[in-house]
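The structure under discussion appears below in the form of structure tokens.
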Amino acid sequence: MPKRTEVEYRVYSGADALSRAAAEHFLETAQAAVAAKGVARIAISGGSTPKRTFELLANPAEKFAKAMPWQQIELYWVDERTVPPDNKDSNYRMTREALLEKVPLKPENIFRIEGELDPEEAASKYEAAIRNHLRLEGAEGPRFDVLALGMGDDGHTASLFPHTAAINEMIRIAVANQVPQKDTWRITLTWPVINQAHDVFFLIAGKDKAQPVHDVLLGKYDPEVLPSQLIRPSNGRLLMLLDTDAAALLPAPDASGKGRLEIER
Ligand code: 6PG
């Protein structure tokens, strides 16, 4: 059933402005969630783009370190590589070094995906940890307060890669996904769970992302080829934080750097 999704994109010149915008968004959404229900459930992606934002959030010279409600934040991952937590490719390791070692999150509020395990076991354990902690029953899924995504130059997001099985997973919260194009397995949240989040935003930078960003938003709907097209949050609102390079093929933003698109999928 096609669904209308309003996409707001905000364009920033340079990595620092983009990372600062992402840090502001984390702060705003986390504070709102804690004010509303005493807890903020944040799901983060890995890769390279978010690192600068995490470093900003942890920087004691910046307002974020003091303003973020760390004690009321629960931290989850959108996806993880099938490597140990100290491996250079681990999303957890990147986050630990940039953020976790510097801010007072409660250890019991950090829900690491155990990439060192057999992929299916890691996915099942992660799903069970989420279900048990949030006391989810039956088909009930988690509703993250804010969920940050990246986008690959092939149009993938999370670890939903083109032509992989996870694209068709509609029931589970997390799955092991074989990614032949990278000759590996990944653990990933499923796209229906991502879409249940109250606030979903993409954080994308670089010239190599301009074409996929354009094709995902304005190209033919074909999620097997462009899995990022599966992301249509249940509240019908999607935010994209982009640098000027990644936004180069979109309609020019207004004077404040904002643009808006209505997409029917
Ligand atoms: C991962 C991510 C993945 C990432 C994109 C973009 O585990 O790599 O979750 O989906 O967001 O590949 O990665 P970059 O930020 O490195 O371009």
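Here are some notes:
- Taking amide H atoms as placed 1.01 Å from N in the peptide plane, the amide H of Tyr9 lies under 5 Å from those of Met240, Gly259, Arg260, Leu261, each 5 or more residues away in sequence or on another chain.
- Coupling constants for segment 62-70 follow from the phi torsions by the Karplus curve (6.51 cos²θ - 1.76 cosθ + 1.60, θ = phi - 60°), and in residue order they are 9, 5, 4, 4, 8, 7, 5, x, 3 Hz; glycine and proline get x.
- With all protein chains modelled, accessible area of Ser234 [1.4 Å, Å²]: 50 Å²
- For segment 4-264, the solvent-accessible area of protein heavy atoms averages 42 Å² per residue (probe radius 1.4 Å; ligands and nucleic acids excluded).
- Split the accessible area of the chain by element, probe 1.4 Å, and carbon with sulfur accounts for 52%.
- Efficiency of FRET between Asp86 and His133 - r from beta-carbon atoms, R0 25 angstrom, step 0.05: 0.55
- Between amide H atoms placed 1.01 Å from N, distances below 5 Å from Trp185 occur with Thr82, Val179, all of them 5 or more places distant or on a separate chain.
- Value of relative contact order over the chain, rounded to a whole percent, pairs C-alpha under 8 Å and six or more apart: 27 percent
- ³J(HN,Hα) computed for each position of segment 86-98 - Karplus, 6.51 cos²θ - 1.76 cosθ + 1.60, integer Hz, glycine/proline x: 9, 6, 4, 8, 6, 5, 4, 4, 4, 6, 4, 5, 7
- Whole-number D in µm²/s for the chain (Stokes-Einstein; Kirkwood sum over Cα pairs; 25 °C, 0.890 mPa s): 133 µm²/s
- GluC sites (Glu not before Pro) within segment 1-79, DSSP loop, no more than 16 other Cβ atoms inside 10 Å: Glu62
- Distant-in-sequence amide contacts of Ser159, defined by a placed amide H-H separation under 5 Å and a gap of 5 or more residues or a different chain, comprise Leu189.
- Of all aspartates and glutamates in the structure, the ones whose alpha carbon falls short of 12 Å from that of Lys220, not counting any fewer than 8 places away in one chain, are Glu264.
- Most simply put, the chain has about 45% antiparallel DSSP beta bridges, counting only bridges with both residues inside it.
- Estimated vicinal HN-Hα couplings, Hz - segment 102-108 in sequence order (Karplus 6.51, -1.76, 1.60; Gly, Pro = x): 10, 10, x, 6, 6, x, 5
- Beyond 32 Å in Cα-Cα separation lie the following of the pairs Lys106/Lys209; Lys102/Lys125; Lys37/Lys66; Lys88/Lys125: Lys106/Lys209.
- Solvent-free Debye calculation, one equal scatterer per alpha-carbon of segment 3-119: log10 I(q)/I(0) at 0.11, 0.13, 0.22 Å⁻¹ equals -0.39, -0.54, -1.31.
The values are calculated or read from the model by the stated rules, or taken from the named source; none is laboratory data. Values in this document were obtained by computation on a predicted structure and should not be read as measured data. Positions of Cβ are generated from backbone atoms using ideal geometry, with glycine treated the same way; all protein chains shown enter the neighbour counts. Side chains are part of the model used for accessible areas, which takes the heavy atoms of the whole protein and leaves out ligands, DNA and RNA. Shrake-Rupley method; radii C 1.70, N 1.55, O 1.52, S 1.80 Å.
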